[in-house]
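Quick notes on the structure that follows.
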Amino acid sequence: MRTFDDEIARRLKEAADSGELRTAKSYGKPLDADAGWDATPADLRLPMKILRDAGAAPPEVELFCERARLRAALAECADPRAQQLMRTQLVELEQKLALRLESLRLHGV
């Protein structure tokens, strides 16, 4: 039975044999280290680079942005009932973010 790694290797070999890989701008060059590269766990470096190069943000970044939006909305809100709802949402979001970051720290996933 083939593993996922075997399938990746097969597809990479096909792309190399057909010349498709040579069209990539970074083909044959080392990856550029960027800010945060050394602070990123080794297992996550390539996936994070792929996301960045594709213009996508990791889910944790989206959670940080959502937290900032919620904090700003809470600061501008004058309705006590709406404030309480936003505080509850903020606490839940911060718990979700903390759990996700802890999982990344412990397991790299």
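Values for this structure:
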| item | result |
| --- | --- |
| Region 6-44: number of residues that are closer than 21 Å to Leu97 by Cβ and in a helix (DSSP H, G or I) | 2 |
| Among residues of region 70-83, those that are surrounded by fewer than 11 Cβ atoms within 10 Å (Cβ to Cβ) and either of a type in the set (Gly, Ala, Ser) or in a helix (DSSP H, G or I) (or both), counted | 6 |
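None of the figures in this text is laboratory data; all of them are computed from the coordinates on show. In this text the structure is predicted, and so the values were computed from the model without any measurement. Cβ coordinates were reconstructed from backbone atoms using ideal geometry, including for glycine residues, and neighbour counts include every protein chain displayed.
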